[in-house]
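The values are calculated or read from the model by the stated rules, or taken from the named source; none is laboratory data. The structure displayed is predicted, hence computed values, not measured ones. Because the Cβ atoms are built from the backbone with ideal geometry, glycine has one as well, and the counts that use them run over all protein chains shown.
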Amino acid sequence: MSIGLIGRKLGMTRVFEEDGTMVPVTVIEAGPCRVVQVRDGGIQLGFGARRAQRTTKAELGHAKKAGLEAAPQVLRSFTVNGDAPAPGAEVKVDIFAPGELVKVTGTTKGRGFQGVVHRHGFGGGPATHGNTRHRKPGSISPGTDPSRVIKGKRMPGHMGAEQHTEVGLRVVRVDAERNLLFVRGAIPGARNGIVTVAKQGGASRHD
């Protein structure tokens, strides 16, 4: 069986445990996903349906090999435990159970072009006594040796819109009827963003 699913981030809310403890959770519409291809040691899952006008012949042919009528909107590969499901089979959110540890991968929110104070948390320069370098990076590199900017120097630039994986998240609730997964804490990405949820398979660094 697959150890993961493709889903969509719906937003955050809170649930209450039996003892009245409030738990902040992120709601994920996880699946159902169709098996598009079986590979060595893994499977390829598809989520959603792409409109015919936006589907290439190659994408449509790839989907029809698995018995699908429309090409999936998103394709992702996952490893499997045990026997792999057949192409065209449906994988649902019930592969997860409350209390399990999962890792969620998504694309962080794009912040555009940002300076070093916002992007890297620099403290900035003095705010008084005529100083005009309040949010500037300061010295970039020595002028004589090496006479260039070292690779990896923290500088202004594009911030966000990067793939990020949040680990050590615990499943709080599974709603199989509505294909909803309630995960404790925040996950990367904006509302309605595509994410992948996979079983962690080991101890979390947060435990």
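Hey, among 55, 13, 79, which residue is in the same structural domain as residue 191 (by TED's automatic domain parsing) and either within 22 Å of the chain's Cα centre (by Cα) or in contact (Cβ under 8 Å) with a residue 12 or more places away in the chain (or both)?
The unique qualifying residue is 13.
Please go through the stretch 165-188 and give me each residue that is of a type in the set (A, V, I, L, M, F, W, C), more than 14 Å from the chain's Cα centre (by Cα) and not in a strand (DSSP E or B), ordered by number.
176 - this is the single residue of the stretch 165-188 that is of a type in the set (A, V, I, L, M, F, W, C), more than 14 Å from the chain's Cα centre (by Cα) and not in a strand (DSSP E or B).
Considering (1) out of contact with any helix residue (DSSP H, G or I) (no Cβ under 9 Å at 6 or more places or on another chain); (2) among the basic types (Lys, Arg); (3) in contact (Cβ under 8 Å) with a residue 60 or more places away in the chain, say which one residue 199 fails and leave the rest.
Condition (1) is where residue 199 drops out.
Of all residues in the stretch 138-195, which are farther than 24 Å from residue 108 by Cβ and aliphatic (A, V, I, L, M)?
Result: 140, 149, 150, 174, 176.
Can you find even one residue in the stretch 99-106 that is part of a helix (DSSP H, G or I), surrounded by fewer than 16 Cβ atoms within 10 Å (Cβ to Cβ) and under 22 Å from the mean Cα position of the chain (by Cα)?
Checking the stretch 99-106: not a single residue is part of a helix (DSSP H, G or I), surrounded by fewer than 16 Cβ atoms within 10 Å (Cβ to Cβ) and under 22 Å from the mean Cα position of the chain (by Cα).
Looking at the stretch 16-74, which of the residues that are surrounded by fewer than 16 Cβ atoms within 10 Å (Cβ to Cβ) and of a type in the set (Lys, Arg) is modelled with the lowest pLDDT?
It comes out as 39.
Would you tally the residues in the stretch 110-134 being assigned to a loop (DSSP other than H, G, I, E, B), under 32 Å from the mean Cα position of the chain (by Cα) and on the phi < 0 side of the Ramachandran plot? Working first, answer last.
Of the residues in the stretch 110-134, the ones assigned to a loop (DSSP other than H, G, I, E, B) are 110-111, 115, 121-134.
Cutting the leftovers down to under 32 Å from the mean Cα position of the chain (by Cα) gives us 110-111, 115, 121-124.
Subsequent filtering for residues that are on the phi < 0 side of the Ramachandran plot retains 110-111, 115, 122-123.
Residues flagged as assigned to a loop (DSSP other than H, G, I, E, B), under 32 Å from the mean Cα position of the chain (by Cα) and on the phi < 0 side of the Ramachandran plot within the stretch 110-134 amount to 5.
Among the listed residues 120, 134, 129, which satisfies the condition of being surrounded by 12 or more Cβ atoms within 10 Å (Cβ to Cβ) and not assigned by TED's automatic domain parsing to the domain that holds residue 4?
120
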